[in-house]
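Down below is the structure, laid out as structure tokens.
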Amino acid sequence: MLGTQLAILRDGSPVGLPDALDVVAGFDDTLTHGLARVGEQDAAALAALAGALATTPFGDRVAEAVGTVTTGSVAPEDLAALAGARSALLGAAHDALLGQLDTALGRDRAPWTASAVPPAAAAPVLAGARAWLHEVALTGWRGVDHELLSAAGTSVEAALAVPGLRRLAVLLDGLAAELRASVPVAAMPQVPARRWADLWAQGVLLAQGAPVEPVPQDVARVSGRLLPLGVDVHEHDTAVQVQLHAILEPDGGGSPRLVRATVGAPKVETIVGPAVWRLLRAHPVLLAALAERRAMTVTDLPSYGGDLLWRDDAARLGEPACPFATARVLLSLATATALPPLDRHPAGIAEPVLLEGYRVQDDDGCLVLDLGGHRLAVATDRLPSSGPLNTELVAASSACLGLVRWDDGRWLVQPLAVRATGKRRVVEAHNGDWAAGVTDPKVAKSEARAGDAVAVLRERAGRLLRR
């Protein structure tokens, strides 16, 4: 049945989507060259951006910014308008694609409720971040050098000291690290223009002072039974983030809700694979629930839209709960919540689905799930090294709990867990199975030989602090 539903996704892109993405790509090319030297082709791309927003309330401001930039005078407020225009187009693309997916899945979605919130009170820190992003935009990716990148350190350090600006700090740190690893960018055969422009635009908007964390009046408190579906692990050289996708059955009745809970920690590039779980030991209840596949009971847990603001002391372990059974019974009944406007981007679409009864095919080295003649590619490149789930298990599977994503013009499924038949028995593998320690003897032995990188780094840090 789901194969027939997902066939809707193959009926074509939402109206206007290709044109919107072409406009964004043109702006990204301009950012690659740098706004300090706008050529004829760049001017046309900027004009197209203004034209795409012309009939919106934002149109006049974007047109003014484009005119200023084209004449060679680039003010920080003009960059904010351009970043906002780019993000608005991608946000509209996100909404159109998500609407198509909700129709295919028959999924209800609660609308986002806007509220008036004060800006972040950290003017000098934000000014420093804006200044660095301004220089990056003027220089362009091709002109980035180590001197420019070294200037990011001050902004990152200052933003990290302000709790409400840590999202901005991590974003700036990640962007600077990627650029540093690519210098000289001018020698790269192809620049990841879309990704870097995504990070730049998000940074510019966050640096305007918009709150990145909900204020107290926007935070609700939820209680009920939390049933995990799967966990998505995001890794970078300097940070790790684990995002739980789950269904919340609220106390007192009411419809089940699709929710997310995210925890993270800073890291260094030498901490990889299963070792990243050791960085998250401040959340023992969450890690145990993942490793043991158990439900949790949450009491007065803060929430903001569809995101639970995780606090381990507000949760306790419950009974065993099979994620596949949870999905089979509740996923079609659960209501999702729209994302905050600043987070809307086609690459951010990640909707839980349960796929069963498919055949796995190899399409020129890429795995594809065939659901009764309807094919869905598998994002095997998103399988994390911190868990037991791998390409071989996906290829042998007959059931998959995953996230439907949109990437590079097509829909994909990212496995979070699979059920497969191996050696005449049914096996399951989930991304969170090693949250409390590696359970595979071979991998555990290899980890033991390599040593505990987290423990070594903590011991060395302790020595330095004692000196």
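The values are calculated or read from the model by the stated rules, or taken from the named source; none is laboratory data. Because the structure is a prediction, the values reported are computed rather than measured. Every residue, glycine among them, receives a Cβ derived from its backbone with ideal geometry; neighbour counts consider all protein chains shown.
All conditions in (1) free of Cβ contacts under 8 Å to residues at least 60 places away in the same chain; (2) not assigned by TED's automatic domain parsing to the domain that holds Leu244 hold for Arg328, with the sole exception of (2). Listed by first and then second residue, the pairs with beta-carbon distance under 6 Å, at least 6 apart or on different chains, first residue in the stretch 65-94 and surrounded by fewer than 20 Cβ atoms within 10 Å (Cβ to Cβ), second β-branched (Val, Ile, Thr) and not in a helix (DSSP H, G or I), are Thr70/Val38. Just a yes or no: is a residue in the stretch 266-289 in contact (Cβ under 8 Å) with a residue 24 or more places away in the chain, in a strand (DSSP E or B) and either crowded, with 18+ Cβ neighbours inside 10 Å or not hydrophobic (A, V, I, L, M, F, W, C) (or both)? Taking every residue of the stretch 266-289 in turn, at least one turns out to be in contact (Cβ under 8 Å) with a residue 24 or more places away in the chain, in a strand (DSSP E or B) and either crowded, with 18+ Cβ neighbours inside 10 Å or not hydrophobic (A, V, I, L, M, F, W, C) (or both). Restricting attention to the stretch 208-252 and to residues that are modelled with pLDDT of 85 or more and part of a loop (DSSP other than H, G, I, E, B), the residue that is nearest to Arg167 (Cα to Cα) turns out to be Gln208.
Yes/no per residue for (1) in a helix (DSSP H, G or I); (2) of a type in the set (A, V, I, L, M, F, W, C):
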site	(1), (2)
Ser155	yes, no
Ala169	yes, yes
Gly174	yes, no
Leu179	yes, yes
Pro189	no, no
Trp200	yes, yes
Gly203	yes, no
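Looking at Ala20, Ala44, Ala36, Ala50, just one residue is modelled with pLDDT of 90 or more and part of a loop (DSSP other than H, G, I, E, B), and that residue is Ala36. On inspection, Gly67 does not qualify as over 26 Å from Arg344 (Cβ atoms), over 26 Å from the mean Cα position of the chain (by Cα) and not in a helix (DSSP H, G or I). Residues of the stretch 343-384 that are in contact (Cβ under 8 Å) with a residue 24 or more places away in the chain and out of contact with any strand residue (DSSP E or B) (no Cβ under 8 Å at 6 or more places or on another chain): Arg344, His345, Gly348, Gly372, Gly373, His374.
Kindly indicate whether Asp28 is in a helix (DSSP H, G or I), at negative phi and surrounded by 19 or more Cβ atoms within 10 Å (Cβ to Cβ).
Spelling it out, Asp28 is indeed in a helix (DSSP H, G or I), at negative phi and surrounded by 19 or more Cβ atoms within 10 Å (Cβ to Cβ).
Under the condition of being surrounded by fewer than 17 Cβ atoms within 10 Å (Cβ to Cβ) and in a strand (DSSP E or B), the residues counted in the stretch 357-367 number 5.
Restricting attention to the stretch 287-331, the residues being farther than 24 Å from Trp277 by Cβ, in contact with a Leu (Cβ under 7 Å, 6 or more places away or on another chain) and among the polar types (S, T, N, Q) number 1.
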